[in-house]
1. Let me confirm something: among Ile83, Ile74, which residue is away from the ligand (no atom under 15 Å from the Cβ) and farther than 18 Å from Cys18 by Cβ?
2. Test of understanding: among Pro197, Pro205, which residue is farther than 24 Å from Leu119 by Cα, open to solvent by 50 Å² or more (accessible area, probe 1.4 Å) and at pLDDT below 95?
3. When the residues of the range 60-71 are narrowed to those that are in contact (Cβ under 8 Å) with a residue 60 or more places away in the chain and open to solvent by 10 Å² or more (accessible area, probe 1.4 Å), which ends up nearest to the ligand (Cβ to nearest atom)?
4. Of all residues in the range 95-128, which are in a helix (DSSP H, G or I) and either under 16 Å from Ala39 (Cβ atoms) or in contact with a Gly (Cβ under 6 Å, 6 or more places away or on another chain) (or both)?
5. I'd like the full set of residues that are in contact (Cβ under 8 Å) with a residue 40 or more places away in the chain and away from the ligand (no atom under 16 Å from the Cβ), limited to the range 23-35.
6. Name the single residue that is surrounded by the most Cβ atoms within 10 Å (Cβ to Cβ) among those in the range 114-139 being of a type in the set (Ser, Thr, Tyr) and more than 11 Å from the chain's Cα centre (by Cα).
7. Which one of the conditions (1) under 23 Å from Ala130 (Cβ atoms); (2) open to solvent by less than 30 Å² (accessible area, probe 1.4 Å) does Glu93 fail to meet, given that it meets all the rest?
8. Run down Leu20, Leu57, Leu8 and say which single residue is touching a residue at least 40 places away in the same chain (Cβ under 8 Å), open to solvent by 40 Å² or more (accessible area, probe 1.4 Å) and in contact with a helix residue (DSSP H, G or I) (Cβ under 9 Å, 6 or more places away or on another chain).
Amino acid sequence: MSDRAALLGEIAAQVRTCTLCGLHRGRTRTVPGAGNPNAEIMFIGEGPGFNEDQQGLPFVGRSGDYLVKLLKSIGLTRDQVFIGNVVKCRPPENRDPLPDEITTCKPYLDRQIEVIDPLVIVTLGRFSMARYFPNGKITQIHGKPKIEDGRAYYPLFHPAAVLRNPGLVPQMDADFKRLPDLVAQMRAQRSAGVKPPDVPKDDDPPMQQLRLF
Ligand code: URA
C-alpha cells in the first residue's frame, strides 16, 4: 500500500469513530471520501445524502450518477479522481451542514488535501466553494479557476443543482470540458517547480484528535 493510501486509511479510521459533532448521532455510516490516493483532481461536495449514508461512499445516488457521466465525458472514471465532502456524516433530512459542523469536520478534509496534494480541487456547491471563494457567487464564478501555488481551485455547480435546473446543463458541460486543460496547465507548473504550501493556508490549529499525524 502506498504511503498516501495508508494515510488516507488512517484519516478514514478516525472519521469512522468521530463523535466531535452532533451529526454522528444520526449517521448509518460515515463517508470519509473515496478514490485514487494519487489523484490529480479532487472533488469536494457538501455532505452525504441518504444513499451515501447507507453505503459509506460519496456521490452514489442520482448526483453521483450524473458526476460519473460528467467524468466519462472527459475520459475519466471515479477511480481516477478522489471524491470527498465538507462534512463526513449525513445531516438530518439532508439539511445544509451547519457552520460549527463544517468547522469541526474541517481538519479531516484539510488533512486529506494535504495527503493527496491534488493539482486541481473542484468545489461542488456552495459549502466547498466557500473554503476558497468566501464571497463568491456560483452563478458568476463557476468555471473560473483560481490558481495559487501550483494548484487550481475550480468552482462548479453542485450536480444536484444542475439536476434540479436542467437549464444549467450546457454550462456544467462546458465547465467540465475545460478540466483536462486545467490539469495539464497545473502539471506544467508543478514540473516547473511551483509547489503548494504543506499546510493549507487557512489552516486552523489542528484539533487534539488530529495531532496523531
Ligand atoms: N451530495 C454531496 O454533496 N455529497 C455527496 O456525497 C452526495 C451528494
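1. Sole residue among the options that is away from the ligand (no atom under 15 Å from the Cβ) and farther than 18 Å from Cys18 by Cβ: Ile74.
2. Pro205
3. Ser63
4. Those that are in a helix (DSSP H, G or I) and either under 16 Å from Ala39 (Cβ atoms) or in contact with a Gly (Cβ under 6 Å, 6 or more places away or on another chain) (or both): Leu109, Arg111, Gln112, Ile113, Glu114, Val115, Ile116, Ser128.
5. His24
6. Tyr132
7. (2)
8. Leu20
The values are calculated or read from the model by the stated rules, or taken from the named source; none is laboratory data. Owing to the predicted nature of the structure, the values given are computational and were not obtained by experimental measurement. No Cβ is skipped: glycine too gets one built from the backbone with ideal geometry, and neighbour counts run over all protein chains shown. With ligands, DNA and RNA removed, areas are computed over all heavy atoms of the protein, side chains included. Shrake-Rupley method; radii C 1.70, N 1.55, O 1.52, S 1.80 Å.
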